[in-house]
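Peer 1: Input: one structure, supplied below.
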Amino acid sequence: MDQIYKQLVDICTEKNVLKDEPMKNHTLTKIGGKADYFVTPETHEQTAKVVEYTYENNLPFMLLGNGSNMIVRDGGIRGVVMNLKKLNGLEVRGTQLIAQGGANIKDASRLGLDHHLTGLEFACGIPGSIGGAMVMNAGAYGGEVKDVIDHVTVVSKEGERFKLVKNELELDYRTSILGKKGYMVLEAVFNLEEGDRTIIKETMDDLTYKRESKQPLEYPSAGSVFKRPPGYFAGKLIQDSGLQGKGFGGAEVSTKHAGFIVNKNNATATDYIKTINMVRETVKDTFGVELELEVKLVGED
Ligand code: FAD
C-alpha cells in the first residue's frame, strides 16, 4: 500500500482520508483536478499529527475551507489537502461567539441571531468557513471580520499552536497575516453585542435579498473574482468594457453581476483562467486599471 496513504490512515482513520480526490467536489466553482490526498480530521490531535507528518516528510500541504474563494487548476494538487469541515463546533458564552475553523460563517451569523447578538449580520450570506473568512478578512455590505474578531487559535506549519489577538492579525482588505504565514485557524472568538432580535433578523433578511437579487447564485462561482481597485468598482469596469456574457468554454462573465465569472456549462479551470486573463487584459486596455485577483489560484496546470 502507498506509504503516505497508510500513514495518513493511521493518523486519521480510513474514512477521513481520500486518495486522488477530485477537487471539483469541494470547490464552489465545481472546478478542479485531483488532490493526491484529501484529509478531513475529526480531532485537533489528528490535525496536529497530519501537520507534523507533512512537515517532517517535506510533503506539500494545503488547507481548503469551503472552496468558495479558490480556483484549483486542472492538474490538481500534489501532496496533502486538509479540510476542517468535521471540526465545526459553534458556541456562545455571554456575548462571545466561539467558532471552530471548519464551521460555516453563515451558521455563526445565524447563531448570533438565535442568541440576540449583533455583529455578524454582514456574514449571513458569505459561503465560507471560519478559517477561510479569517484568512480573507471576509466582509460584505459595510461589515468585515476585522470589526468583530477578538482572537484566533492557530497552528503554524511546524505544528506550534498559539493565540493571535486582533491587532496581531494584520487584517486588511481581503488579507491577513494568516494567509501570508500559512497559519491554520483552529478556532476564532468573536466579540458581539446584545441586540434586538427583530432588528438583527431584518438586517439579515435585507442583506439576503440584496445578495439574491444582484448575484448569479444559480450558477457555480467563486464570488467576486477581483479585488476592488482603489477608486473603482471591478464589476463596473468589466461591465463598461462590454464583457458580460463573454468567456471561454463553459466559463462566462456573469450577465447578472460582472464581477463574477460563472461556471455555466462544465467549465474547466483552463476555461476559467482564460476568462480571467481576458477580463484583466481588456480592462487594462480600456481603462488602464490593473485588476488584482481576490480568488486564489492553486494547483498544477
Ligand atoms: P477557501 O476558498 O477554501 O480558501 C481560501 C483561503 O483560506 C485559502 O488560502 C485556504 O488555504 C485558506 N484556508 C481555508 N481554511 C483555512 C483554515 N482553517 N486555516 C487557515 N487557512 C485556511 N467573500 C467576502 O469576503 N464577501 C462576500 O460577500 C462574499 N460573497 C461570496 C459569494 C459567493 C457566491 C461566493 C462563491 C464567494 C463569496 N465570497 C465572499 C468569497 C468567499 O466566500 C470568502 O473569501 C470566504 O471567506 C472563503 O472561505 P472558504 O472557507 O471558502 O475558503
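Peer 1: Report whether or not Thr54 is away from the ligand (no atom under 11 Å from the Cβ), open to solvent by 20 Å² or more (accessible area, probe 1.4 Å), of a type in the set (Ser, Thr, Tyr) and farther than 17 Å from His26 by Cβ.
Peer 2: No; evaluated as a whole, the condition is false for this residue.
Peer 1: Here's another thing I want to ask about it. What are the pairs with Cβ atoms under 8 angstrom where one residue, in segment 267-280, is closer than 16 Å to Gln239 by Cβ and the other, located anywhere, is among the polar types (S, T, N, Q)? Sequence gap at least six, or different chains.
Peer 2: Val279/Ser241
Peer 1: Pick from Val145, Val165, Val189: which is buried (at least 20 other Cβ atoms within 10 Å of the Cβ) and modelled with pLDDT of 95 or more?
Peer 2: Val145
Peer 1: Something else about it: Just one of (1) surrounded by fewer than 19 Cβ atoms within 10 Å (Cβ to Cβ); (2) in contact with a His (Cβ under 8 Å, 6 or more places away or on another chain) trips up Gly67, so point out which.
Peer 2: (1)
Peer 1: List the residue pairs whose Cβ atoms are under 7 Å apart, where the first residue sits in segment 1-25 and is within 15 Å of Pro41 (Cβ to Cβ), the second is among the polar types (S, T, N, Q) and modelled with pLDDT of 95 or more, and the two are 6 or more positions apart or on different chains.
Peer 2: Hits for this filter: Ile11/Gln46; Cys12/Gln46; Asn16/Thr40.
Peer 1: Considering segment 214-232 alone, what residues qualify as being open to solvent by less than 80 Å² (accessible area, probe 1.4 Å) and acidic (Asp, Glu)?
Peer 2: Hits for segment 214-232: nothing passes.
Peer 1: If Lys106 passes every condition in (1) among the charged types (D, E, K, R); (2) away from the ligand (no atom under 11 Å from the Cβ); (3) free of Cβ contacts under 8 Å to residues at least 40 places away in the same chain but one, which one does it miss?
Peer 2: Of everything listed in (1) among the charged types (D, E, K, R); (2) away from the ligand (no atom under 11 Å from the Cβ); (3) free of Cβ contacts under 8 Å to residues at least 40 places away in the same chain, Lys106 misses just condition (2).
Peer 1: Let me ask another. Check whether at least one residue in segment 173-194 is part of a loop (DSSP other than H, G, I, E, B), over 15 Å from the mean Cα position of the chain (by Cα), within 25 Å of Gln96 (Cβ to Cβ) and of a type outside the set (Lys, Arg), and report yes or no.
Peer 2: Of segment 173-194, the ones part of a loop (DSSP other than H, G, I, E, B) are 173-174, 176, 182-183, 192.
Pick out the ones that are also over 15 Å from the mean Cα position of the chain (by Cα) and you get 192.
Subset that is within 25 Å of Gln96 (Cβ to Cβ): 192.
Of the ones still in play, those that are also of a type outside the set (Lys, Arg) are 192.
The answer is yes, given that some residue of segment 173-194 is part of a loop (DSSP other than H, G, I, E, B), over 15 Å from the mean Cα position of the chain (by Cα), within 25 Å of Gln96 (Cβ to Cβ) and of a type outside the set (Lys, Arg).
Peer 1: May I pose another question? Any chance segment 199-213 includes a residue that's buried (at least 18 other Cβ atoms within 10 Å of the Cβ) and among the aromatic types (Phe, Trp, Tyr)?
Peer 2: Among the residues of segment 199-213, not one is buried (at least 18 other Cβ atoms within 10 Å of the Cβ) and among the aromatic types (Phe, Trp, Tyr), which makes the answer no.
Peer 1: Only one of these is part of a loop (DSSP other than H, G, I, E, B) and either over 20 Å from the mean Cα position of the chain (by Cα) or more than 16 Å from the ligand (Cβ to nearest atom) (or both): Tyr209, Tyr219, Tyr232. Name it.
Peer 2: Tyr232
Peer 1: Next question, about the same structure. What pairs can you find where one residue is in segment 65-77 and under 13 Å from Ala269 (Cα atoms), the other is near the ligand (Cβ under 9 Å from one of its atoms) and in a loop (DSSP other than H, G, I, E, B), and their Cβ atoms are less than 6 Å apart, with a gap of 6+ or different chains?
Peer 2: As it stands, the answer is Met70/Thr27; Ile71/Val295; Val72/Thr27, since those pairs meet every condition given.
Peer 1: Now for a separate question. Every residue in segment 16-47 that is farther than 20 Å from Val298 by Cβ, open to solvent by 40 Å² or more (accessible area, probe 1.4 Å) and away from the ligand (no atom under 13 Å from the Cβ), please.
Peer 2: Result: Glu42, Thr43, Glu45.
Peer 1: Filter segment 233-245 for residues that are open to solvent by 50 Å² or more (accessible area, probe 1.4 Å) and within 21 Å of Asn69 (Cα to Cα) and give the result.
Peer 2: Result: Phe233, Lys236, Gln244.
Peer 1: Follow-up. Can you find a residue in segment 69-77 that is within 12 Å of the ligand (Cβ to nearest atom), under 15 Å from Lys24 (Cα atoms) and either in a loop (DSSP other than H, G, I, E, B) or among the charged types (D, E, K, R) (or both)?
Peer 2: Within segment 69-77, the first condition is being within 12 Å of the ligand (Cβ to nearest atom), and the residues that meet it are 69-72, 77.
Going one step further and asking which of them are under 15 Å from Lys24 (Cα atoms), we end up with 69-72, 77.
Then keep just the ones that are either in a loop (DSSP other than H, G, I, E, B) or among the charged types (D, E, K, R) (or both); that gives 69.
Checked against the condition, which is being within 12 Å of the ligand (Cβ to nearest atom), under 15 Å from Lys24 (Cα atoms) and either in a loop (DSSP other than H, G, I, E, B) or among the charged types (D, E, K, R) (or both), segment 69-77 yields at least one hit.
Peer 1: If you go through segment 271-289 one residue at a time, do you hit one that is modelled with pLDDT of 95 or more and under 30 Å from Leu113 (Cα atoms)?
Peer 2: Scanning segment 271-289, I find no residue that is modelled with pLDDT of 95 or more and under 30 Å from Leu113 (Cα atoms), so the answer is no.
Peer 1: Any idea which residue in segment 273-301 is farthest from Gly223 (Cα to Cα), counting only those that are open to solvent by 50 Å² or more (accessible area, probe 1.4 Å) and assigned to a strand (DSSP E or B)?
Peer 2: Across segment 273-301, the extreme among qualifying residues is Glu300.
The values are calculated or read from the model by the stated rules, or taken from the named source; none is laboratory data. Predicted model, so just to flag it, every value in this text is computed and none were measured. Here Cβ is always computed from backbone atoms with ideal geometry, including for glycine, and neighbour counts include all displayed protein chains. The accessibility values were calculated without ligands, DNA or RNA, using every heavy atom of the protein model including side chains. Shrake-Rupley method; radii C 1.70, N 1.55, O 1.52, S 1.80 Å.
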